[in-house]
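K.L.:
Here you go, one structure.
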Amino acid sequence: MVRMPARPYHHGDLRSALLASAERTLLEKGVAALSLRELARDVGVSHAAPGRHFKDKQALLDALALAGFERMTEELDAADSPELPLEARLTELATAYVHFAVSNAELLEVMYSRKHDPDISEQLRAAVDGTTTHFVRIVTDAQGRGEMTPGAPWTIALVIGAALHGTASFAAQGTLTPEAAVEGIPTLIHHLLHGLTPRENER
């Protein structure tokens, strides 16, 4: 029997091709459906080829997480408009975060998973901090203008992030539709900034 040679890496970047295929599988079928052998078949290379880039499935998931954070950071960068008033600026940034989260629910679960290789944990921690920095910057700017209460900017940003991540989780679980989650962000940000206690003129 004549063995057919494995197809060449015609795409020129096997690692990127594997990550793209893995993300498609993740979003369509969930993390349980991921395997290096199936990815090799999907991309069109030998079953051993993915091992040159990912030693095992966990390494693949870690790489997906890092790529997810990089893409999220890019989208937050594009959404942040420092020239806008505080509420409008924060609403734009929060909407970008929740839109990314509800559009990539399976990927988000991998991004925030605790089951990461210790060798990559510092990279992932830095990636998480990179997304939080956007909200810290808004808090710091607002505090400097006297538009937000004093306090540790990272702590306040964490409160904002928890509210946004909770909204995205509700959408992932079906409590909210993705559309409702995104459409509700202006109200959420308004309540975060102004609180729920009625003011004298609202009593």
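K.L.:
I'd like the full set of residues that are touching a residue at least 60 places away in the same chain (Cβ under 8 Å), within 14 Å of His191 (Cα to Cα) and either surrounded by fewer than 18 Cβ atoms within 10 Å (Cβ to Cβ) or not assigned by TED's automatic domain parsing to the domain that holds Leu93 (or both), limited to the stretch 139-160.
P.N.:
Let us first name the residues in the stretch 139-160 that are touching a residue at least 60 places away in the same chain (Cβ under 8 Å), namely 147-148, 160.
From what is left, the residues that are within 14 Å of His191 (Cα to Cα) are 148, 160.
Scanning the stretch 139-160 gives no hits.
K.L.:
While we're on this one: If the Cβ limit is 8 Å and pairs must be 6+ apart or interchain, which residue in the stretch 92-119 that is over 20 Å from His134 (Cα atoms) pairs with which residue that is at pLDDT below 90 and of a type in the set (S, T, N, Q)?
P.N.:
What qualifies is Lys115/Gln58; His116/Gln58; Asp117/Gln58.
K.L.:
So in the stretch 38-85, with the set limited to residues that are touching a Phe, Trp or Tyr at 6+ places or on another chain (Cβ under 6 Å) and at pLDDT 90 or above, which one is farthest from Gly130 (Cα to Cα)? Don't jump to the end; show me each part of the working.
P.N.:
At the first step, the residues of the stretch 38-85 found to be touching a Phe, Trp or Tyr at 6+ places or on another chain (Cβ under 6 Å) are 60, 72, 75.
Filter again for at pLDDT 90 or above, leaving 72, 75.
Working: Met72: 9, Glu75: 12 Å.
Restricting to residues being touching a Phe, Trp or Tyr at 6+ places or on another chain (Cβ under 6 Å) and at pLDDT 90 or above, the top hit is Glu75.
K.L.:
Quick one: how many residues across the stretch 181-203 are farther than 15 Å from Ile160 by Cβ and at pLDDT below 95? Spell out the reasoning first.
P.N.:
Here is the first cut: in the stretch 181-203, the ones farther than 15 Å from Ile160 by Cβ are 181-183, 196-203.
Pick out the ones that are also at pLDDT below 95 and you get 196-203.
Residues that pass the stated criteria total 8.
K.L.:
So which pairs qualify, if the first residue must be in the stretch 169-186 and under 14 Å from Glu106 (Cβ atoms), the second must be among the aliphatic types (A, V, I, L, M), the Cβ gap must be under 7 Å, and the two must be at least 6 apart or on different chains?
P.N.:
Short answer, once both residue conditions are applied: Ala171/Val102; Ala171/Ala181; Ala172/Ala105; Pro178/Val102; Pro178/Ala171.
K.L.:
Can you name the residue in the stretch 68-89 that is touching a Ser or Thr at 6+ places or on another chain (Cβ under 9 Å) and part of a helix (DSSP H, G or I) and is also surrounded by the fewest Cβ atoms within 10 Å (Cβ to Cβ) among such residues?
P.N.:
If we filter the stretch 68-89 for residues that are touching a Ser or Thr at 6+ places or on another chain (Cβ under 9 Å), which is where we start, we get 69, 72-73, 76, 79, 84, 88-89.
Still in the list and also part of a helix (DSSP H, G or I): 69, 72-73, 76, 79, 88-89.
Details: Phe69: 21, Met72: 23, Thr73: 15, Leu76: 21, Ala79: 18, Ala88: 13, Arg89: 19.
Residue satisfying both the conditions and the ranking: Ala88.
The values are calculated or read from the model by the stated rules, or taken from the named source; none is laboratory data. In this text, all values refer to a predicted model and were calculated from it rather than measured experimentally. Virtual Cβ from ideal backbone geometry, glycine too; neighbours counted across all protein chains shown.
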